[in-house]
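What follows is calculated from the coordinates using simple rules that are stated; it is not laboratory data. Here the structure is a predicted model, which means the values were calculated and not measured. Cβ coordinates were reconstructed from backbone atoms using ideal geometry, including for glycine residues, and neighbour counts include every protein chain displayed.
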Amino acid sequence: MKLHEYQARDLLARYGIPVTGGGVASTPAEARAIAEQIGAKVVIKAQVFVGGRGKAGGVKLAETPEQAEQVAAQILGMDIKGLTVEKVLVAEAISYQKEIYLSAILDRATKRVMMIASAEGGVEIEEVAKTNPDAIIKIAAHPQLGLLEYQARELAFAIGLKDGKQARQFAQIASALYRVFVETDASLAEINPLVIRDDGSLQALDSKVLLDDSGLFRHADLEAMRDPSDEPEAERQAREAGITFIKLDGTIGCMVNGAGLAMATMDVVKLYGGEPANFLDIGGGAGKDKVKAALQIILADPNVKAVMFNIFGGITRVDEVARGIIAALEEVDTQVPMIARLTGTNEEEGRRLLAESRLIPAATLAEAAQKAVAAAQA
Ligand code: GDP
Ligand code: MN
């Protein structure tokens, strides 16, 4: 789950990171009112889930409340990389000498939380990685003790902060950002830019936080911040039905029980020259309602030319799943060819039931994938 900039900013503030205040507006008049309250030059920023808003014209300065109203009118409703701006953040404009980059991410290679910093902030870090990789400093936090004080200071010195007070403040911010990352089950906590103000102090001007969906059950307060536009409609429906679903770009819809089996199914589809339209794990105990919901989600994608069921009956018996599929098919109106490979407990009975339906049976995963690929190409 993604947080909007203003939500991420509030989260960082809770951990003592200096951020710019201000408020969120959905109309130009609201933007004007916030600017009046601030009583100084403001920055108006589009709240959309993409980076590079600055370059796209989604971040603008305004000298007066009148100007804030005009600028907000320009930005609200604007299209940035395919997303419509519904809200803007109006915050005091900060003047600064320098932009820094700082983030905490999970580094899968070292299996640690990696702190990343660069003296070249303000631009996207991927750009810096391409043009000047040496300007990116990485320090892995200790797996048990967390980000140690000396590590945070090392990060400060490595990006050239020589002034003691400044290095100390940077180290505090880095430690706080590390705690944000760990305590919210984030997969990314980023400040870009972190600026050095004219008085030498540091301040976060833009932040980005991505939360691990699997950790959200522990954070009802963060879950409540979810913006539905963050999530494709099909993924929302799947989440509500208790189905794990990720849309992909292929033509073969996959309905599988078990995440590992779903991965294997996608691999085999690709092996036989097909492209999966989705990852879908229907989970355990897949009865009629769940199968129906899953089918509707898969078939809502106009790219889907064939559906492949790959079900392993362990605790859930194959004949039960077969009944679920048959009952669901009675309620879902579709001509899309469907191939079923069902194996495990009570598979004979399951096959017998399916033989009477319009599903195309397959004895093995390989056969099912080949039939699905052929059906999708027909
Ligand atoms: P992004 O382009 O989507 O990452 O949005 P940012 O919030 O990082 O804004 C892009 C750029 O706008 C920053 O790198 C700054 O140069 C500028 N900017 C943002 N906030 C302020 C501010 O308070 N004062 C000034 N002077 N510039 C700002
Ligand atoms: Mn930024």
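Dipole magnitude for the stretch 125-257: computed about the Cα centre from +1 point charges on Lys and Arg Cβ and -1 point charges on Asp and Glu Cβ, it is near 520 debye. Straight-line reach from LYS290: taking Cα to Cα under 22 Å and skipping same-chain neighbours fewer than 8 places apart, the lysines in range are LYS247, LYS305.
Model label points for GLU356 and SER214, set 7 angstrom from Cα along the Cα-to-Cβ axis, are 4.1 nm apart.
What are the trypsin sites (Lys or Arg not before Pro) within the stretch 338-368 that DSSP puts in a loop, where the Cβ has at most 14 other Cβ atoms within 10 Å? Could you put the intermediate results ahead of the total?
On the way: sites: ARG341, ARG351, ARG352, ARG358; in loops: ARG358.
When the trypsin sites (Lys or Arg not before Pro) of the stretch 338-368 are filtered for loop state and at most 14 Cβ neighbours within 10 Å, ARG358 remain.
Report, for the chain, the % of DSSP beta bridges that are antiparallel, rounded to 5. Of those bridges, close to 75 percent are antiparallel. Distance between the C-alpha centres of the stretch 304-362 and the stretch 1-35: 50 Å, rounded to the whole angstrom.
Under a point-charge model restricted to the Cβ atoms of Lys and Arg (+1) and Asp and Glu (-1), what is the dipole moment magnitude of the stretch 232-377 relative to its Cα centre, in debye to the nearest 20?
Details: 15 positive and 19 negative charges, 23 e Å.
Roughly 100 debye for the stretch 232-377.
When the Cα positions of LEU271, GLN67, GLY39 are compared along the charge dipole of the chain, LEU271 comes out farthest toward the positive end, with charges on each C-beta of Lys, Arg, Asp and Glu. The simple spin-label model puts a point 7 Å past each Cα toward its Cβ; for GLU183 and ASN132 those points are separated by 3.4 nm. Report note on the peptides 319-329, 31-41: ranked by the mean count of other C-beta atoms within 10 Å, highest first, their order is 319-329, 31-41. Projecting the Cα atoms of GLN144, GLY215, ALA363 onto the charge dipole of the chain, computed from C-beta unit charges around the Cα centre, puts GLN144 farthest toward the positive end.
Restricting to bridges with both residues inside the stretch 232-377, how much of the DSSP beta-bridge set is antiparallel, in percent to the nearest 5? Don't jump to the answer; show the numbers that get you there.
Details: 4 of 20 bridges.
The answer is about 20 percent antiparallel.
Most tightly packed first, judged by the mean number of other beta-carbon atoms within 10 Å of their residues, the peptides 12-22, 161-171, 140-150 read 12-22, 161-171, 140-150.
Can you compute the charge dipole magnitude of the chain about its Cα centre, using +1 on each Lys and Arg Cβ and -1 on each Asp and Glu Cβ, nothing else charged? Give it in debye, rounded to the nearest 20.
On the way: 41 positive and 52 negative charges, 129 e Å.
Dipole about the Cα centre, nearest 20: 620 debye.
For LYS98, the residues 5 or more places off, or on other chains, whose built amide H falls under 5 Å of its own are ILE196.
Think of the stretch 21-92 as having a plus end and a minus end, set by charges on the Cβ of Lys, Arg, Asp and Glu; of ALA25, GLY52, VAL85, GLY52 sits farthest toward the positive end of this dipole.
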